[in-house]
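Enquirer: Below is a structure I'd like to ask you about.
The values are calculated or read from the model by the stated rules, or taken from the named source; none is laboratory data. Since the model is a prediction, treat every value here as computed from it, not as a measurement. Here Cβ is always computed from backbone atoms with ideal geometry, including for glycine, and neighbour counts include all displayed protein chains. All accessible areas refer to the heavy atoms of the entire protein, side chains included, with ligands and DNA or RNA removed. Shrake-Rupley method; radii C 1.70, N 1.55, O 1.52, S 1.80 Å.
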Amino acid sequence: MQTILVAGGAGFIGSNLCERLLDKNYRLICIDNLITGNKKNIEDFIKNKNFTFLSADLIDPSFRNIKLPKIDYIFHLASPASPNKKSPISYINFPTETLLVNSVGTYNLLKIARKFNSKFLYASSSEVYGDPKVSPQREDYFGNVNSVGIRSVYDEGKRFGEAITMAYFRKFNTDTRIIRIFNTYGSNMRADDGRVISNFINQAISNKPLTVYGNGSQTRSICYIDDLLDGLIRAIFSDRTKGEVLNLGNPNEKTILDLANIIKKMTNSSSEIIFEPLPEDDPKVRRPDINKAKNLIGWTPKVSIDQGLAKTIQYFKSL
Ligand code: UDP
């Protein structure tokens, strides 16, 4: 039986990934320091004999001495990810942790990958494109990032993470791939994470005003978690992704105001839509070009926005 290490395994994407991989009969080691992840997301797996949870911090010096069995695959999904400073788990409130988990944390995991010859997947982000001047964003676009702006702890953290991942690939031939994840939503998102989908759904189902930041003309392209997992799994098990950078996301682009109206309608909500100030450096457009993922790993998202949102609304209602 092969062993997979999932760093950030108690978070939104990580915990969904753990569930999928356990179903595929792998031994899993889930590492999380639980600053933004949630133990509830993994409590169903704790009794599974193939699942081990290590409460550990990738950036703590003691992590380098951690004793691990042979690791065949590593997913590095550990990082705060919400830009909304009103959220208690926003990366704005964990600035050094965010920079360090993507730099020192990535370095520490790459050393493990090198030692065991593991296949390594670094979860980067569409944020490396910053406020893009070209759309859709293709992997060869260098981006437009403010290195000293409010979002830079995340953006530059991810850019460093990509750079050190490529350094290990080039210098040691480590079997790496970088995945730039675009906006993803679904079960196990935190209600308090301040992201647009979780905010709008929770506001709509409690008949509170939906808070659109700015005039709502900025766009995002949202991908349902099941589609993203399918892409992440294809990417790590494929030999064609070694040393590559791939976008994963759903190219179905919507304005934020459209998303507010769609969610209001789907929840039958009587909430009004109100407008609040646009956060600093908020990207005006975001849409992945996914041709590379289509060609290399045969991946395209399958879940429609209506299906994905319906499931996510159910999830938040059940909390
Ligand atoms: N947004 C919004 N209302 C909210 C939360 C977010 O209008 O209650 C906007 C935010 O300003 C951004 C977009 O929705 O333009 C997506 O924000 P999110 O925090 O989900 O992630 P981002 O894509 O900016 O990383």
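Enquirer: Which one of these does N41 not meet: (1) part of a loop (DSSP other than H, G, I, E, B); (2) open to solvent by less than 70 Å² (accessible area, probe 1.4 Å)?
Expert: Answer for N41: the failing condition is (1).
Enquirer: Name every residue in the range 112-151 that is closer than 19 Å to I164 by Cβ, away from the ligand (no atom under 16 Å from the Cβ) and of a type in the set (D, E), in order of residue number.
Expert: E139
Enquirer: Let me ask another. Could you run through the range 1-37 and say how many residues are polar (S, T, N, Q), farther than 14 Å from H76 by Cβ and surrounded by 18 or more Cβ atoms within 10 Å (Cβ to Cβ)? Spell out how you get there, then give the answer.
Expert: In the first step, residues of the range 1-37 are kept if they are polar (S, T, N, Q); the result is 2-3, 15-16, 25, 33, 36.
Okay, now just the ones that are also farther than 14 Å from H76 by Cβ, so 2-3, 15-16, 25, 36.
Filter once more, so that each one left must be surrounded by 18 or more Cβ atoms within 10 Å (Cβ to Cβ): 3, 15-16, 36.
Matching residues across the range 1-37 total 4.
Enquirer: Okay, moving on. Output the residue which, of all residues in the range 253-301 that are of a type in the set (K, R) and under 29 Å from V153 (Cα atoms), is least open to solvent (accessible area, probe 1.4 Å).
Expert: R286
Enquirer: Note down all Cβ pairs under 9 Å where the first residue falls in the range 264-286 and is within 14 Å of the ligand (Cβ to nearest atom) and of a type in the set (V, I, T), the second is at pLDDT below 95 and in a helix (DSSP H, G or I), and they're at least six residues apart or on different chains.
Expert: Between residues of the range 264-286 that are within 14 Å of the ligand (Cβ to nearest atom) and of a type in the set (V, I, T) and residues that are at pLDDT below 95 and in a helix (DSSP H, G or I), there is no close pair.
Enquirer: Further question on the same structure: Can you find a residue in the range 239-250 that is assigned to a helix (DSSP H, G or I), away from the ligand (no atom under 11 Å from the Cβ) and touching a strand residue (DSSP E or B) at 6+ places or on another chain (Cβ under 6 Å)?
Expert: Yes; the residues of the range 239-250 include at least one that is assigned to a helix (DSSP H, G or I), away from the ligand (no atom under 11 Å from the Cβ) and touching a strand residue (DSSP E or B) at 6+ places or on another chain (Cβ under 6 Å).
Enquirer: Pick out the one residue from L68, L54, L21 that is farther than 23 Å from S318 by Cβ, in a loop (DSSP other than H, G, I, E, B) and hydrophobic (A, V, I, L, M, F, W, C).
Expert: The match here is L68.
Enquirer: Answer with yes or no whether I4 is of a type in the set (V, I, T), more than 16 Å from the ligand (Cβ to nearest atom), part of a strand (DSSP E or B) and in contact with a Gly (Cβ under 8 Å, 6 or more places away or on another chain).
Expert: Values: of a type in the set (V, I, T): yes; more than 16 Å from the ligand (Cβ to nearest atom): yes; part of a strand (DSSP E or B): yes; in contact with a Gly (Cβ under 8 Å, 6 or more places away or on another chain): no.
No; evaluated as a whole, the condition is false for this residue.
Enquirer: Might you check whether a residue that is of a type in the set (D, E), open to solvent by 30 Å² or more (accessible area, probe 1.4 Å) and at pLDDT 95 or above occurs anywhere in the range 107-129?
Expert: Checked against the condition, which is being of a type in the set (D, E), open to solvent by 30 Å² or more (accessible area, probe 1.4 Å) and at pLDDT 95 or above, the range 107-129 yields no hits at all.
Enquirer: Continuing with this model, one more query. Can you work out which of the residues in the range 217-238 that are open to solvent by 30 Å² or more (accessible area, probe 1.4 Å) and under 19 Å from V303 (Cα atoms) is nearest to the ligand (Cβ to nearest atom)?
Expert: Going through the range 217-238, the residues open to solvent by 30 Å² or more (accessible area, probe 1.4 Å) turn out to be 217, 226, 230, 234, 237.
Cutting the leftovers down to under 19 Å from V303 (Cα atoms) gives us 226, 230, 234.
Details: D226: 19, D230: 21, R234: 24 Å.
Taking the candidates together, the pick is D226.
Enquirer: While we're looking at this one, here's another question. Within the range 56-72, can you find the residues that are under 19 Å from the mean Cα position of the chain (by Cα) and either within 16 Å of the ligand (Cβ to nearest atom) or open to solvent by less than 30 Å² (accessible area, probe 1.4 Å) (or both)?
Expert: Answer for the range 56-72, where residues must be under 19 Å from the mean Cα position of the chain (by Cα) and either within 16 Å of the ligand (Cβ to nearest atom) or open to solvent by less than 30 Å² (accessible area, probe 1.4 Å) (or both): just L58.
Enquirer: Here's a follow-up. Just to verify a result, which residue in the range 186-213, among those that are within 10 Å of the ligand (Cβ to nearest atom), in contact with a Pro (Cβ under 9 Å, 6 or more places away or on another chain) and open to solvent by 20 Å² or more (accessible area, probe 1.4 Å), is nearest to L246 (Cα to Cα)?
Expert: R195
Enquirer: Which of (1) touching a residue at least 60 places away in the same chain (Cβ under 8 Å); (2) open to solvent by 30 Å² or more (accessible area, probe 1.4 Å) does H76 not meet, given it meets every other one?
Expert: (2)
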